[in-house]
1. Would you check which residues across the range A:135-154 are among the charged types (D, E, K, R) and under 23 Å from the mean Cα position of the chain (by Cα) and list them?
2. Condition first: within 12 Å of chain B (Cβ to nearest Cβ) and either of a type in the set (Phe, Trp, Tyr) or buried (at least 17 other Cβ atoms within 10 Å of the Cβ) (or both). Now tell me which residues in the range A:118-149 satisfy that.
3. In the range B:1-10, what residues are open to solvent by 30 Å² or more (accessible area, probe 1.4 Å), assigned to a helix (DSSP H, G or I) and touching a residue at least 60 places away in the same chain (Cβ under 8 Å)?
4. Go through the range A:101-117 and count every residue that is farther than 24 Å from B:Leu3 by Cα and either in contact (Cβ under 8 Å) with a residue 40 or more places away in the chain or open to solvent by 40 Å² or more (accessible area, probe 1.4 Å) (or both).
5. Of the conditions (1) more than 17 Å from B:Val62 (Cα to Cα); (2) surrounded by 13 or more Cβ atoms within 10 Å (Cβ to Cβ), B:Ala205 clears all except one; give me its number.
6. Considering the range B:89-104 alone, what residues qualify as being modelled with pLDDT of 90 or more and of a type in the set (S, T, N, Q)?
7. Is at least one residue of the range A:92-100 open to solvent by less than 40 Å² (accessible area, probe 1.4 Å) and more than 9 Å from chain B (Cβ to nearest Cβ)?
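The values are calculated or read from the model by the stated rules, or taken from the named source; none is laboratory data. Please read these numbers as outputs of a predicted model, since none were measured by experiment. Cβ: placed from backbone, ideal geometry, glycine included. Neighbour counts: every protein chain shown. Heavy atoms of the whole protein, side chains included, go into the accessibility calculation; ligands, DNA and RNA do not. Shrake-Rupley method; radii C 1.70, N 1.55, O 1.52, S 1.80 Å.
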Amino acid sequence: MLAVGCDGGHAGGILRLVQPLVQLDNVTLAFGANQVLDDVTLSLSDGGCVGVQGPNGSGKTTLLRVMATLQPVTAGLVTVLPLEENPRQEIGLVGHRAALNDLLTLRENLEFIAALRAIPSRDVERTLAATGLSPVASRRADRASQGMRRRTDLARASLMNPKLLLLDEPYNGLDDAAIGIVDRLITNTRDRGGAVVVVSHDPAVLARVTQRVISL
Amino acid sequence: MSLWKQAWIIAKTDLRVEGRSGEILWIVLPYGALALFLIPIATALPLKTLSDIGIGMYWVVVLLFGMFVTLRQSSQSSPQERDLMRLTLSDPAALFLGKSVASATLLGSFQLVMGPIAVAFFNPALPAQWWLLIPVSALLALAMAMTGTLVGFLVAGTRSSNALAPLLAAGLAFPSLVGASIATTKLSDSQSIVTPIALLLLVVAITAAIGMASSTLLEDQ
């Protein structure tokens, strides 16, 4: 059994009951005979940041998808953002592959999501500027570099102001400036009272940005 | 944000993406026109016979090539994009509605282009009230678009989706084709087309209801 608790300590000295933003209880997931997650228990409260590490195929990405409510589990209980009316809309997922429409420009990819969420277009421009994408924002996604595509994915997560931010290998293939963008995204989410989960192969990265690390 | 507004945003974006891919304009339309052109040559039928079967051939081409319109590559999403939509939309039915509206618009345009080509190659005897075929075509486009969208959702991510989807969609769109064909025959005989229109409306209503109701289930499959 794997059990981890992770609170951000944002109570500010006020005695209160902490309602976890994410609570996994004895979660098991199998695809046929392939056991992917085995009895995982995890609790993550506001301001918390937990890292997930493990070898290839150990179920790191699947665990993120479970926390994103995108992957049903075989057994166990998953509670995500229980106080939110529509929890999915408060989740930001940045996968290791950018979720971009190749035939839209980088700006249009952001504008599309912004329009669906009724986010003002000035926020799109502000986010593009903050992530250093403004000069290339009119470039089609299929003509943008991998680094720019990942930046756009991060920009979109930033634009959506999620309460729960799930990052899958967020630092892979990024230059120093983009690494700073990821760091800011994590810090801002935690400062707003959100929680962050970071999946990485690199123990040094997890030690730097997370409070606690679980191994799968 | 309302379901309808989200659907409208999705439809607009889908049409913009298709405009850039040019899949319908440069691939499906020329192939459809080629099919209409080849039928008279391949069958070598007398002109009178060709004229008699002209409208029927038109509907067949609309059905078969229409499947490629509704299942076009540019409207397919990667698993990452599908996840993003699941986390973004307040109502999953918006995706079904939006993609259906975009496909219906493209199918309507496809029919608009194919119609004069069929007339040119087959010289069919058009009914006196031929303009009544316009609402029939619109309903057919809507029914086929929703059927194609639903099938696209059903087979998304499956191994043989490319082969399976057109087969499923064409089968499910068959009642719509029958409705359009009966409407044409009745118009030619100067009869009322209320019954085939009602059939098409029924297909549209049933497909819309299934699509909307199953959106959440299909989203989480």
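1. Within the range A:135-154, A:Arg149, A:Arg150, A:Arg151, A:Asp153 qualify.
2. Residues satisfying the conditions are A:Ile119, A:Ala141, A:Arg149.
3. B:Leu3, B:Trp4, B:Trp8
4. First pass over the range A:101-117, keeping only residues farther than 24 Å from B:Leu3 by Cα: A:102-103, A:105-106.
Now restrict to residues that are either in contact (Cβ under 8 Å) with a residue 40 or more places away in the chain or open to solvent by 40 Å² or more (accessible area, probe 1.4 Å) (or both): A:102, A:106.
Qualifying residue count for the region: 2.
5. Status for B:Ala205: all satisfied but (2).
6. Matches in the range B:89-104: B:Ser100, B:Ser103.
7. yes
So that you can scan it fast, the table gives a plain yes or no per residue for (1) among the aliphatic types (A, V, I, L, M); (2) assigned to a loop (DSSP other than H, G, I, E, B):
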{"position": "A:Arg122", "(1), (2)": "no, no"}
{"position": "A:Leu128", "(1), (2)": "yes, no"}
{"position": "A:Gly132", "(1), (2)": "no, yes"}
{"position": "A:Ser158", "(1), (2)": "no, no"}
{"position": "A:Arg190", "(1), (2)": "no, no"}
{"position": "A:Val197", "(1), (2)": "yes, no"}
